Structure formats: structure tokens, C-alpha cells
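Worksheet: one structure, shown below.
Please treat every number below as a calculation from the coordinates, not as lab data. None of these values were measured; they are calculated from a predicted model. Here the Cβ is made from the backbone with ideal geometry for all residues, glycine too, and neighbour counts use every protein chain on show.
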Amino acid sequence: MSGITMRRATEVDVPAIVAMLADDPLGATREALGPPLSEAYVTAFRAIDADPNQLLAVADRDGAVVGTLQLTFIAGLSRKGALRGQIEAVRVAAPARGEGLGGRMIEWAIGQCRDHGCVMVQLTSDASRAEAHRFYERLGFSASHVGFKRPL
């Protein structure tokens, strides 16, 4: 898989990231593609980018964004004050699916978590995404917890 570079996202990448977030049955109901792109996305990007505990990353293939994920480094008192890495919003652009990019992105994210001193990496996945669950299990993740959400 030559030509792929993982890097910090820039504001210019936001439309491509939003397009990937919208490119599945769940995302299609949650995202607004525009044009113009909603200012809320740019505001959110700027908040993420300014936070030292956040890393919004993209997989770049020869100047085109073909994947994305967000890392959050979470400080906590449990596990003797351990730092955790949270992986979210993992997406691969449709033309790049089936090439192993998702696995490469997750391994890169795990390396980032190790480099930041995390003792654990965790993620959530919508309960309806059975294929994604199998993917994460193949990468060594276990479904050890039950998550709950409440819309506000």
C-alpha cells in the first residue's frame, strides 16, 4: 500500500472528512454535506485542532484524503492514573476500501497512543456495525464493555 501517509488533518481536509463520515447508512442521516459546508464543522475542527489531547488524522494518498480517524488522549485516576487512547470516527473512502488501509490506520493510531504513554487504547462502534466489530476483533480488540449514550 504505497503512497499512504498518516498526518494531522488541516482545515482544508474538513470537506473530505465530512464526506467520509456521511458515506454510510448511519452517517447519511447525521451529516450535512453542503455546499457550502456548515460552519459548525469548521468550528469543531478548530476546537479539535487547538486541543493538545486531540488528534484528528487523515490518510493521505498522493495528496488525496482516503481515510480519517480521531484520537483522544484521556487522563484518568483509574488504573493508577493511567492515560487512555480513544479511537473514534474511523472511515476509509469508498475507492480505498478493501486494500488494508483501515488496519494500517488503526495500527498507526495504536502507535500514537503508545508514544503518548497510554496504557490502553479503546474505541466504540455503533451496535449495528457488525462488520466493523469483526474488523476490530481481528485487530486484537475485545468487546469488554457495554456502552450507553443519551442524546441531549
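Across the stretch 28-37, coupling constants 3J(HN,Hα) worked out from phi with the 6.51/-1.76/1.60 Karplus curve, θ = phi - 60°, read 4, 8, 10, 9, 10, 7, x, x, x, 5 Hz, and Gly and Pro carry x.
Contact order for the chain, expressed relative to its length and based on alpha carbon pairs under 8 Å spaced 6+ residues apart, stands at 19 percent. Here the stretch 1-77 has an Rg and Dmax of 13.4, 44 Å, counting Cα atoms alone.
Multiply the residue gap between VAL42 and SER144 by 0.36 nm, knock off their C-alpha separation, and tell me the result in nm, one decimal place.
Extra length from VAL42 to SER144 when fully extended: 33.3 nm.
By the helix-only formula, in which each DSSP H run with n ≥ 4 contributes -39500 (n - 2.57) and the sum is divided by residues, the chain has a 222 nm mean residue ellipticity of -10500 deg cm²/dmol.
Any chance you could list the semi-axes, whole Å, largest first, of the equivalent ellipsoid that the Cα gyration tensor gives for the chain, using √(5λ)?
Taking √(5λ) for each eigenvalue gives 23, 18, 18 Å, largest first.
If r is the Cβ-Cβ distance from ARG97 to LEU152 and R0 is 41 Å, what FRET efficiency results, to the nearest 0.05? That pair, ARG97 with LEU152, gives E of 0.80.
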